[in-house]
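First up is the structure itself, then whatever we jot down about it.
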Amino acid sequence: MLDVVVWKKTPAVSMPFVTAELFFKTIQHSEYLDTYRCKEVKITREKQGLIQYDGESGVMGDEINVSVLEHAVNVIVPKVSSPTLQSKHVAPQLKDFFKK
């Protein structure tokens, strides 16, 4: 699923309050944000401009199409038989790290 956040134009006088909402992690309740959850989205705007995607900034055109490609990425992780076996490998490394 995609989380789509649309930031509306915010009056300069409201920016201290919006900054506080960001700081206190309550921005999702802001009147200047609309949030949507979807599998695909088409955004049409007046002109090209800045966007934020996955924490990165970029410039895109006036029409943006985004969709989720399910099962597009395969993740391979090592098989560990027990949590204690895994901790045996990590503990000596941490011990050496904190000695420095």
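Values as computed for the structure displayed
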| quantity | calculated |
| --- | --- |
| Looking only at segment 43-57, and only at residues there that are closer than 18 Å to Asp3 by Cβ and either more than 19 Å from the chain's Cα centre (by Cα) or of a type in the set (Asp, Glu) (or both), the one that is modelled with the highest pLDDT | Glu56 |
| Residue that is loosely packed, with under 11 Cβ neighbours inside 10 Å, without any contact (Cβ under 8 Å) to a residue 24 or more places away in the chain, assigned to a loop (DSSP other than H, G, I, E, B) and on the phi > 0 side of the Ramachandran plot, where the choices are Lys9, Lys79, Lys25 | Lys25 |
| Pair list, Cβ under 7 Å, 6 or more apart: segment 47-73 residue free of Cβ contacts under 8 Å to residues at least 24 places away in the same chain and acidic (Asp, Glu), other residue assigned to a loop (DSSP other than H, G, I, E, B) and loosely packed, with under 10 Cβ neighbours inside 10 Å | Asp62/Glu46; Asp62/Lys47 |
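The values are calculated or read from the model by the stated rules, or taken from the named source; none is laboratory data. Everything numeric in this text was worked out from a predicted model, so none of it was measured. Positions of Cβ are backbone-derived with ideal geometry, glycine not excepted, and every protein chain shown enters the neighbour counts.
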